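Enquirer: The structure follows.
Each reported figure results from applying straightforward, stated rules to the coordinates on display, with no laboratory input. All values reported here derive from a predicted model rather than from experimental measurement. Note that each Cβ is placed from the backbone with ideal geometry, even for glycine, and that neighbours are counted across all protein chains shown.
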Amino acid sequence: MALNDMHAEGVAGIVDRVVAHYRRDSNNMLQILREVQEACDWIPPEAIDRLQAVLGVPRTKIEGVAGFYSFLYTQPRGKYRILFSDNVTDNMQGNRALMERLCSSLWVEPGKVSEDGLLSIDKTSCTGMCDQGPAMLVNNRAITRLTAARIDEIAELVRNKVPLGEWPADFFQVEDNIRKADIMLDSRLQPGDALRAAHARVPSDGLMSSNMRSWREGLPSGIGGPAAMLDEIKRANLRGRGGAGFITGLKWEACRNAPLKAGQQRFVVCNADEGEPGTFKDRVLLTSYADLVFEGMTAAAYAIGARRGFLYLRGEYRYLLEPLMAVLERRRKEKILGTDILGIPGADFDIEIHLGAGAYICGEESALIESLEGKRGTPRNRPPFPVTNGYLDQPTIVNNVETFAAAALIALNGGEWYASVGTRHSAGTKILSVSGDCERPGLYEYPFGVSIRQVLADCGAQDVQAVQVSGPSGICLSPAEFERTIGFEDIPTAGAFTIFNNSRDMFEVARNYVHFFQHESCGFCTPCRVGTSLLKNLMDKLHNGCGSPYDFAEIEKLNQLLQSMSHCGLGHTACNPVLDTIAKFRPAYERRLAQKDFVPAFDLDQALAAARQMTGRDDPGAHIIKEEFGEDA
């Protein structure tokens, strides 16, 4: 048999095994492609051929999905696929010099595959390791706390082709870094505590709450049980922790009341695709509080009458997949997941984990659902909303990891208890992912209403110039605003809290965020696809010394276009970091306004600099003199 035939046969065997595992269901296309790549190091044409044959799916759809996600490769990228985190905090910690060091040591250009095909080195967006960077991903496994010495060790391991499983274990050590805990991070809830407490009617205050009574009696839907659980969530005034702050009880109620067609069911989806630069709280919750999250999902399923749930885990957290699957299996054995939960007939609910593949836009709930269905993660038009037309066009609730963890606490302690924490309009606590210029980066949990200044004092921040709250799509605060508070009445946040001292250039911070938005635009709508590219070009133009007041006016025009015409929130917020920093740190921009009048961004003479360097020439004949071609050159 020819070598090529043997290769094709081997790939076909891998595809058949993976497809069988996923029940030959094309809705699992992303998971199928991901597992094929893990077995083959990339997705070869033979794999796509086989998938087309066994799934009956058009080749264009398979290639369209594979081409959408940045962690899927339809061209060889080497045995070692190394991606340096390009988040602003990693930049502050020297990641670019480390990347150059590794590229130089292994003789490979950034963004390319080495000549021997062994490896590739490139950049990716935030890896969720901002509290212990600089960080990188090697074959989607995170390595933290990079140093020059560690880079040299990695270069030697790659050069000697040491399998990733034999690399030093401390390379892959990820710390929780919990600095301040409150009701959630201090929770000692054991697996099943919330469900058993409700079922056994043993509330901490000695009284029997409505949700506990109904769980104990196993009342049917609409009589007391699920409705009582839903009442507790509404009484708690729990709001979504993903940033938007929608009232959780209303979302669950809308899904519960959504009519079902024949053969339909309701779904619970946990959004663990925390891709906002500077956010890493969900990573810790899933590492050390997974039972709390799964317990909250189970309580939600009970409240709305769902039997299936999904945890959508971001691709950067691939290392958590097996531990989380082990937690789910343990919960099934303990009868707190699966069929007849706690012995209650008909109390059936189970959870599947779907892994993302490097697409920030999938943090948007409708794009996440598209991805769950094995499609490109393109946001949907709304209405209809997921609560009525979600996964496979069936009623679906999508909530953040932290929201479900809070729901478990409410199931255990009741809604009134939870509402007593925080402020009138912002009940409970908020976990902040603190990183940047401070002595103690990590997780800080506070009741809502804490001031920015208090957080800065607690984390040991000095000489602070600015704080970016809620990542690039959030708000940049100057020292005059540090008495403002975290809460839906003032500053809502998904959790990112990035600190910049007076040594940082706020223009470069905003420029990093603009590059992030341009890279992560899904490309579906023209205003965002083109607008984020134009915004990136304008910021690069200022960076290169070609800026003028004209460019400020162009940024304002782009903002209006993006906000009014973009399909989803990514485009709506893409100009936020630029407009905030122009308003509050204008000198950082004015230093770059080298021109009083408009000049083109492209400089032909500057573009020839690389050629002059390669040829060793710097004489007048090697330069383009503008005057030679007149004023309009």
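Enquirer: Using 10 Å bins from zero, what percent of all Cα-Cα pairs in the stretch 328-377 falls into each bin?
Expert: Using 10 Å bins, I get a P(r) of 25, 30, 26, 19, 0 for the stretch 328-377.
Enquirer: Continuing with this model, one more query. Dimensions of the stretch 401-445 along principal axes (Cα, Å, largest first)?
Expert: Extents along the principal axes, in whole Å: 38, 21, 12.
Enquirer: Place a +1 charge on the Cβ of each Lys and Arg in the stretch 336-475 and a -1 charge on the Cβ of each Asp and Glu, then give the dipole magnitude about the Cα centre in debye, rounded to the nearest 20.
Expert: 420 debye
Enquirer: Taking 2.2 N^0.38 Å as the expected size of a compact globular protein, what ratio does the Cα radius of gyration of the stretch 228-329 give against it, to two decimals?
Expert: 1.15
Enquirer: Have a look at SER70, SER451, GLN595 and report the one farthest towards the positive end of the charge dipole of the chain, computed about the Cα centre with Cβ charges (Lys/Arg +1, Asp/Glu -1).
Expert: SER451
Enquirer: Using the Cα gyration tensor of the stretch 361-505, with a ≥ b ≥ c the square roots of its eigenvalues, what is the shape: rounded (a/c below 1.5), prolate (a/b larger than b/c) or oblate (neither)?
Expert: Verdict is oblate for the stretch 361-505.
Enquirer: To continue, here is another question. Using mean Cβ contacts within 10 Å as the protection proxy, how do 239-251, 58-70 order, highest first?
Expert: Most protected by this proxy first, the peptides run 239-251, 58-70.
Enquirer: So how compact is the stretch 430-503: Cα radius of gyration and Dmax in angstrom?
Expert: Every Cα atom of the stretch 430-503 included, Rg and Dmax give 10.7, 32 Å.
Enquirer: When the Kirkwood radius is taken over all Cα pairs of the stretch 3-68, what Stokes-Einstein diffusion coefficient follows at 20 °C and 1.002 mPa s, in µm²/s?
Expert: Estimated via Stokes-Einstein, D reaches 185 µm²/s.
Enquirer: Let me ask something else about it. Write down the radius of gyration of the stretch 362-426 and its Dmax, each obtained from C-alpha positions, in Å.
Expert: That works out to 15.3, 42 Å for Rg and Dmax.
Enquirer: Beyond 20 Å, what percent of the Cα pairs of the stretch 81-175 remain?
Expert: Result: 27 percent of Cα pairs exceed 20 Å.
Enquirer: I've got another one for you. Over the alpha carbons of the stretch 562-602, what is the largest minus smallest coordinate on each principal axis, giving the biggest first in Å?
Expert: 35, 26, 14
Enquirer: Separate question: For a quick check: sort TRP42, TRP417 by the number of other beta carbons within 10 angstrom, fewest at the front.
Expert: TRP42, TRP417
Enquirer: Of all DSSP beta bridges located in the chain, what percent are antiparallel, nearest 5?
Expert: Here the share of antiparallel DSSP bridges comes out near 45 percent.
Enquirer: Based only on other Cβ atoms within 10 Å, what is the fewest-to-most ordering of VAL450, VAL36?
Expert: VAL450, VAL36
Enquirer: Let me ask you something else. Among LYS234/LYS335; LYS180/LYS281; LYS79/LYS123; LYS281/LYS335, which pairs are too far apart, with a Cα-Cα distance over 23 Å?
Expert: Those over the limit are LYS234/LYS335; LYS281/LYS335.
Enquirer: Give the average over all directions of the projected area of the C-alpha convex hull of the stretch 507-590, one decimal, in nm².
Expert: 4.7 nm²
Enquirer: If you don't mind, another one. For GLU508, GLU322, what's the fewest-to-most ordering of other Cβ within 10 Å of each Cβ?
Expert: Final ranking by Cβ density, sparse to dense: GLU322, GLU508.
Enquirer: On a 0 to 90 degree scale, rounded to 10, what angle separates helix 401-413 from the longest Cα axis of the chain?
Expert: 20 degrees
Enquirer: To the nearest 20 debye, what charge dipole does the stretch 507-590 have about its Cα centre, counting +1 at the Cβ of each Lys and Arg and -1 at the Cβ of each Asp and Glu?
Expert: The calculated dipole for the stretch 507-590 is roughly 80 debye.
Enquirer: Let me ask something else about it. Can you tell me the 0 to 90 degree angle between the C-alpha axis of helix 59-68 and the longest principal axis of the chain, rounded to 10?
Expert: So the helix axis and the longest Cα principal axis differ by about 80 degrees.
Enquirer: Just the number, please: percent antiparallel of the DSSP beta bridges in the stretch 81-175, rounded to the nearest 5.
Expert: 60 percent
Enquirer: Give the dimensionless ratio obtained when the Cα radius of gyration of the stretch 241-398 is divided by 2.2 N^0.38 Å.
Expert: Dividing the Cα Rg of the stretch 241-398 by 2.2 N^0.38 Å gives 1.00.
Enquirer: If you place +1 on the Cβ of every Lys and Arg and -1 on the Cβ of every Asp and Glu, how big does the dipole about the Cα centre of the chain come out, in debye to the nearest 20?
Expert: I would put it at about 1700 debye.
Enquirer: Now a separate question. Relative to the longest principal axis of the chain, what angle (0 to 90°, nearest 10) does the C-alpha long axis of helix 29-40 take?
Expert: That works out to roughly 60 degrees.
Enquirer: Continuing with this model, one more query. Obtain the radius of gyration and the Kirkwood radius of the chain from its C-alpha atoms and give Rg over Rh.
Expert: 0.99
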